[in-house]
Amino acid sequence: MRRSEFLRAVEDEFGGRANSITHDLVLSALGSTALEALEAGVPPRDIWLAVCDETDVPAGRRYGVGRLEPRRR
């Protein structure tokens with residue numbers, strides 16, 4: 001998962017609360033916010049899973065999110 005995919009996944013899952021989730025929510029598994037973890041070099045996939053755990057995102061919505069649909073030719 002890339003940083004852009006992580007940010008897209010948070011936006012898709014949390015909508016208007018995405019900014020608060022990434023800036024304000026301290027992830028207990030990481031001991032920091034999502035943005036602090038990104039800046040510290042934590043892999044975006046690990047941060048996404050920590051956000052999912054912290055906010056009780058169902059397992060069915062955790063994997064493969066954030067990716068754009070392939071362009072059609």
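Just so you know, all these numbers are worked out from the coordinates, no wet-lab data involved. This one's a predicted model, so the numbers in the text were calculated from it and none came from an experiment. Positions of Cβ are generated from backbone atoms using ideal geometry, with glycine treated the same way; all protein chains shown enter the neighbour counts.
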With the crude spin-label approximation of a point 7 Å out along Cα→Cβ, what separation in nm comes out for SER20 versus GLU39? 2.2 nm
Once phi is turned into θ = phi - 60°, what whole-Hz ³J(HN,Hα) does the Karplus curve with 6.51, -1.76 and 1.60 give for every residue of segment 22-34, x standing for Gly and Pro? 7, 8, 10, 6, 7, 7, 4, 5, 10, x, 7, 7, 4
Amide H of SER32: which non-local residues (sequence gap of 5 or more, or other chain) have their own amide H closer than 5 Å, using H built in the peptide plane? LEU27
Degrees separating the helix 3-14 axis from the principal Cα axis of the chain, which is the longest one: 80 degrees
Determine the relative contact order of the chain: mean sequence separation of Cα pairs under 8 Å and six or more apart, normalised by residue count, in whole percent. 37 percent
Taking the highest mean first, how do the peptides 11-23, 36-48 order by number of other beta carbon atoms within 10 angstrom per residue? 36-48, 11-23
